[in-house]
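A.B. asks: Before I ask anything, here is the structure I am working with.
The values are calculated or read from the model by the stated rules, or taken from the named source; none is laboratory data. Predicted, not measured: the structure shown is a model, and the values here were computed from it. FYI the Cβ positions are ideal-geometry reconstructions off the backbone, even for glycines, and counts take in every protein chain you see.
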Amino acid sequence: MPGWMTVPQLLDYVRPMYGKHWDRDFEKKLLAEFDLPLKTKLRSLSRGQAMKAALISSLAYRPQLVVLDEPFSGLDPLVRDEFLTGLLELTETEGWTVWISSHDIEEVERFADRVAILNAGRIDLQDDVEAIQARFRAVELVLDQEIPVPAGLPPQWLNFQIKGRAARFTDSNYDESRSTADCQSLLPGVLSRQVRPMNLREIFVALAKSYRGQREPQP
């Protein structure tokens, strides 16, 4: 955005590009909701204010699809919360589709209905957030003795580790009866077994570690 412009000058500049699709009343509503200083140059706005100015210029023509690349980067927690709350209210009211590319998994989990996770530039997993969380479980086992990592582990067991008598892994397609049977057949002497749900950040980290392991040369 041209740093020498004010917010009204920016909107005057972009408005003709959208012709009849630009909604002046909606523009005024957005300006009121985002509460931006109207006489301050864009170069002097904070990161959060500049993001809001860019958002107004992108939303006032009522797009059906909004694409945001790392929208939370550089925002302090308060501004981030205000930005996210405002965007949620707008999308619910207007029925827009919002596509976000972000490494801020906690914010994505608050906002998104559906997520896609990339591996080496390709989509490896995409589904509703609730469906993904229903699939993944963190599993911890206590064994009666230390054993080597068994051969033939199920492919859905990610990042399997044994340290002492403790075994840990992520089950990426959890089924209670199958998991119990697999543990009994592959890991004799299980004294205790704990299974817990995972949040989206934990799932992302588990997948990222498994991708890294796939790319590393095997000894």
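A.B. asks: With the structure loaded, tell me whether Q156 is farther than 30 Å from G19 by Cα, under 15 Å from the mean Cα position of the chain (by Cα), not acidic (D, E) and not assigned by TED's automatic domain parsing to the domain that holds A32 or whether it fails that test. Give the derivation first.
C.D. replies: Values: farther than 30 Å from G19 by Cα: yes; under 15 Å from the mean Cα position of the chain (by Cα): no; not acidic (D, E): yes; not assigned by TED's automatic domain parsing to the domain that holds A32: yes.
Here the answer is no, as Q156 does not meet what is asked.
A.B. asks: A further question on this structure: Anything in the stretch 161-176 that is surrounded by fewer than 17 Cβ atoms within 10 Å (Cβ to Cβ) and either at pLDDT 95 or above or under 24 Å from I203 (Cβ atoms) (or both)? List them, or say none. It would help to see each step written out before you state the result.
C.D. replies: Restricting attention to the stretch 161-176, the residues satisfying the condition of being surrounded by fewer than 17 Cβ atoms within 10 Å (Cβ to Cβ) are 161, 163-166, 168, 173, 175-176.
Those that are surrounded by fewer than 17 Cβ atoms within 10 Å (Cβ to Cβ) and either at pLDDT 95 or above or under 24 Å from I203 (Cβ atoms) (or both): Q161, K163, A166, R168, N173, D175, E176.
A.B. asks: For residues that are over 25 Å from D124 (Cβ atoms) and surrounded by fewer than 13 Cβ atoms within 10 Å (Cβ to Cβ), scanning just the stretch 138-150, find the one that is nearest to the chain's Cα centre (by Cα).
C.D. replies: P148
A.B. asks: Within the set of pairs 6+ apart or on separate chains, which have a first residue in the stretch 143-154 that is part of a loop (DSSP other than H, G, I, E, B), a second that is of a type in the set (F, W, Y) and surrounded by 11 or more Cβ atoms within 10 Å (Cβ to Cβ), and C-beta atoms under 6 Å apart?
C.D. replies: L153/F160
A.B. asks: Suppose we keep only residues that are of a type in the set (D, E) and at pLDDT 80 or above within the stretch 41-80. Which one would you say is surrounded by the most Cβ atoms within 10 Å (Cβ to Cβ)?
C.D. replies: Within the stretch 41-80, the first condition is being of a type in the set (D, E), and the residues that meet it are 69-70, 76.
Next, only the ones that are at pLDDT 80 or above stay: 69-70.
On the way: D69: 9, E70: 11.
The selected residue is E70.
A.B. asks: Is it true that some residue in the stretch 209-219 is outside any strand (DSSP E or B), surrounded by 13 or more Cβ atoms within 10 Å (Cβ to Cβ) and modelled with pLDDT of 95 or more?
C.D. replies: Scanning the stretch 209-219, I find no residue that is outside any strand (DSSP E or B), surrounded by 13 or more Cβ atoms within 10 Å (Cβ to Cβ) and modelled with pLDDT of 95 or more, so the answer is no.
A.B. asks: Hey, another quick one. Would you confirm whether any residue within the stretch 177-186 is in a strand (DSSP E or B), exposed (fewer than 11 other Cβ atoms within 10 Å of the Cβ) and not assigned by TED's automatic domain parsing to the domain that holds H103? Quick ask: steps written out before the conclusion?
C.D. replies: Kept after step one, since they are in a strand (DSSP E or B), are these residues of the stretch 177-186: none.
Scanning the stretch 177-186, I find no residue that is in a strand (DSSP E or B), exposed (fewer than 11 other Cβ atoms within 10 Å of the Cβ) and not assigned by TED's automatic domain parsing to the domain that holds H103, so the answer is no.
A.B. asks: Looking at K28 and the list (1) more than 21 Å from A112 (Cα to Cα); (2) over 22 Å from the mean Cα position of the chain (by Cα); (3) touching a residue at least 24 places away in the same chain (Cβ under 8 Å), which single condition is not satisfied?
C.D. replies: Exception for K28: condition (3).
A.B. asks: Quick one: would you say G74 is touching a helix residue (DSSP H, G or I) at 6+ places or on another chain (Cβ under 8 Å), in a loop (DSSP other than H, G, I, E, B) and on the phi > 0 side of the Ramachandran plot?
C.D. replies: On the way: touching a helix residue (DSSP H, G or I) at 6+ places or on another chain (Cβ under 8 Å): yes; in a loop (DSSP other than H, G, I, E, B): yes; on the phi > 0 side of the Ramachandran plot: yes.
The answer is yes for G74.
A.B. asks: Report yes if some residue within the stretch 83-96 is within 30 Å of V129 (Cα to Cα), part of a loop (DSSP other than H, G, I, E, B) and not assigned by TED's automatic domain parsing to the domain that holds V205; otherwise report no.
C.D. replies: Scanning the stretch 83-96 turns up at least one residue that is within 30 Å of V129 (Cα to Cα), part of a loop (DSSP other than H, G, I, E, B) and not assigned by TED's automatic domain parsing to the domain that holds V205.
A.B. asks: Would you be able to say whether some residue in the stretch 120-136 is touching a Leu at 6+ places or on another chain (Cβ under 9 Å), in a strand (DSSP E or B) and at pLDDT below 90?
C.D. replies: no
A.B. asks: If you don't mind, another one. Under 6 Å between Cβ atoms, at least 6 apart or on separate chains: pull out the pairs that start in the stretch 123-136 with a residue that is of a type outside the set (K, R) and end on any residue that is at pLDDT below 95 and surrounded by 12 or more Cβ atoms within 10 Å (Cβ to Cβ).
C.D. replies: I123/A116; D124/I117; L125/I117; Q126/A116; D128/R114; V129/A112; V129/V115
A.B. asks: Another one. If you go through the stretch 3-19 one residue at a time, how many are free of Cβ contacts under 8 Å to residues at least 40 places away in the same chain and surrounded by 17 or more Cβ atoms within 10 Å (Cβ to Cβ)?
C.D. replies: At the first step, the residues of the stretch 3-19 found to be free of Cβ contacts under 8 Å to residues at least 40 places away in the same chain are 4-6, 8-9, 12-13, 16-17, 19.
So of that shortlist, the ones also surrounded by 17 or more Cβ atoms within 10 Å (Cβ to Cβ) come out as 6.
Here the count works out to 1.
A.B. asks: Which of the residues belonging to the stretch 83-114 are surrounded by fewer than 17 Cβ atoms within 10 Å (Cβ to Cβ) and among the charged types (D, E, K, R)?
C.D. replies: E89, E92, E94, E106, E109, R110, D113, R114, listed by residue number.
A.B. asks: Closer than 18 Å to D124 by Cα and touching a Lys or Arg at 6+ places or on another chain (Cβ under 6 Å), is that true of Y174?
C.D. replies: Numbers: closer than 18 Å to D124 by Cα: yes; touching a Lys or Arg at 6+ places or on another chain (Cβ under 6 Å): yes.
The answer is yes for Y174.
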